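What follows draws every value from the coordinates through simple rules; no lab data is involved. Since the structure is predicted, the reported quantities are computational estimates derived from the model, not experimental observations. Backbone-built Cβ (ideal geometry, glycine too); neighbour counts: all protein chains shown.
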């Protein structure tokens, strides 16, 4: 039985790298083919057995909430036509899941966004998906892989990692750790560094936008000092728990597309277009 039922989505950011497109459209609503990024994330959470989608949002992101609500006029207009099935996936999510929302008043880092979601989560373990990171796999989804690992280590937070070129480590949180016994893809985290220079990076194992967090993280975040930019970083909070051997980094199976960059967004679009036989 799945122990984790809630997935938190920090979606309050402005998406400035995609201006002018994101001036009026949330970046999470930008589509890869015909499906917005946020829907890919929700479907991944559902594949891992989660049924509450907790959105940490802003006053500019009403389109996300609207996307997961019924639209009677559109549904009536396509009923009985060849287009009738096009809304099946999003309507299935709306019917199977509870969607909850809370507004992040200030953009003060990912740690702050996650802490803002505390009223939606309560005192239970939960997942976090950053929709910018679009993950695919032919077998279990990345989040499903992580929940299976969590069931074996339920006192630990789990972070997803992948190897990146050393020249790119300054874009990520980077971990150092030791492989768990009898594992070739899960590490007991010993240290974490946020956006190190290549010269200072302990490894090229970069944290990506998938987490499973224990409720203990909220107390740690509450006591985590802002960084030099005034932001509360989830990496700093996880480092506190790593000192107690409570963080595991998991090198997932599958592919990740960085849809937070224009280049990554184009690469993802081309991949999905090829899969669908469009190019």
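Once the Cβ-Cβ distance of residue 178 and residue 267 is raised to the sixth power relative to R0 = 45 Å, the FRET efficiency obtained is 0.85. DSSP bridge analysis restricted to the chain gives an antiparallel fraction near 60%, rounded to the nearest 5. Sorted largest first, the principal axis extents computed over the alpha-carbon atoms of the stretch 111-153 equal 34, 28, 14 Å. Does the stretch 43-155 classify as rounded, prolate or oblate by the C-alpha gyration tensor (a ≥ b ≥ c root eigenvalues; a/c under 1.5 gives rounded; else a/b over b/c gives prolate, otherwise oblate)? Since a/c reaches 1.5 but b/c is at least a/b, the shape of the stretch 43-155 is classed as oblate. Per residue, the chain reaches -8500 deg cm²/dmol at 222 nm when only DSSP H runs of four or more residues are counted, each adding -39500 (n - 2.57). Sorting 116, 240 from the fewest to the most surrounding beta carbons within 10 angstrom yields 240, 116. By the Cα gyration tensor, the stretch 13-95 has an equivalent ellipsoid whose semi-axes, rounded to whole angstrom, run 23, 17, 12 from largest to smallest. The GNM of the chain, with springs linking C-alpha atoms under 10 angstrom apart, assigns the highest mean-square fluctuation among 148, 59, 228 to 228. For the chain, would you read off the P(r) tail past 24 Å as a percentage of all alpha carbon pairs? Of all Cα-Cα distances in the chain, 50 percent exceed 24 Å.
Using the beta-carbon distance between residue 59 and residue 225 and R0 = 35 Å, what value does 1/(1 + (r/R0)^6) give for FRET efficiency, to the nearest 0.05? That gives a FRET efficiency of 0.80. Reported to the nearest whole Å, the Cα centre-to-centre distance from the stretch 240-279 to the stretch 28-75 is 18.
The calculated FRET efficiency for the pair residue 77 and residue 138, based on their C-beta separation and a Förster distance of 51 Å, comes to about 0.90.
Principal axis extents of the C-alpha atoms in the stretch 43-82 (largest first, rounded to whole Å): 34, 29, 12.
If the chain linking residue 103 and residue 124 were pulled fully straight, counting 0.36 nm for each residue of separation and taking away their Cα-Cα distance, it would gain 5.5 nm.
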